[in-house]
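Structure first, commentary second.
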């Protein structure tokens, strides 16, 4: 690391440091592109490669947030990071089949690295990728990841992955128990709620975080 960094590389390195200070997890390539006003992800990738060559960071390219600062960076910024499996898709719109969150985690699942404050120490958290726009007014967009903790009960108003037994399908909605019925309420004023008998619904997980991926 004898040669000075380019202005662009200094900018990216400082952005990564600031991002990790604020969020306690690393940025994605697109986070860096937007935060540093860079024209393309390939320019970001080139400069990350140079920073890696120079010993300022390590990078796991198969992981979307797989940046670890070393040397003059902040190696302690990842001490509280845990890997959470991305177990499939969940519908924020129509009902959709998803893998059983209570089942064993297959090694072929993708994963995302999160601060333990979001996932929980010794975490059994899991993530699902959102398909649809029914929760858009809750700032959950199509393509985002929702992080959930396994749960079988929920308070009214909590965002959950709810399994509808008769259809063998699940959906991402706000949960409301109303007598012997459950209302699965979207956060999109253009979409109606799903009303089903309470005995036909089971909560699979409560949302504890949302990761914007675009």
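Laboratory data are not the source of any read-out in this text; all were calculated from the coordinates shown. Everything numeric in this text was worked out from a predicted model, so none of it was measured. Every residue, glycine as well, gets a Cβ built from its backbone with ideal geometry; the counts of neighbours run over all protein chains shown.
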Extension reserve of the residue 156-residue 190 stretch, reckoned as 0.36 nm per residue once the Cα distance is removed: 10.1 nm
Considering Cα pairs under 8 angstrom that are at least six residues apart, work out the relative contact order of region 159-214 and quote it in whole percent. 37
For residue 18 and residue 124, what is the calculated FRET efficiency with R₀ set at 30 Å and r taken between the beta-carbons, to the nearest 0.05? 0.45
How much length, in nm to one decimal, is gained on full extension between residue 168 and residue 199, taken as 0.36 nm per residue of separation minus their Cα-Cα distance? 9.8 nm
Using 1/(1 + (r/R0)^6) with R0 = 30 angstrom and r between the beta carbons of residue 149 and residue 10, what's the FRET efficiency to the nearest 0.05? 0.15
Provide 60, 169 in ascending order of the number of other Cβ atoms located within 10 Å of each residue's Cβ, fewest first. 60, 169
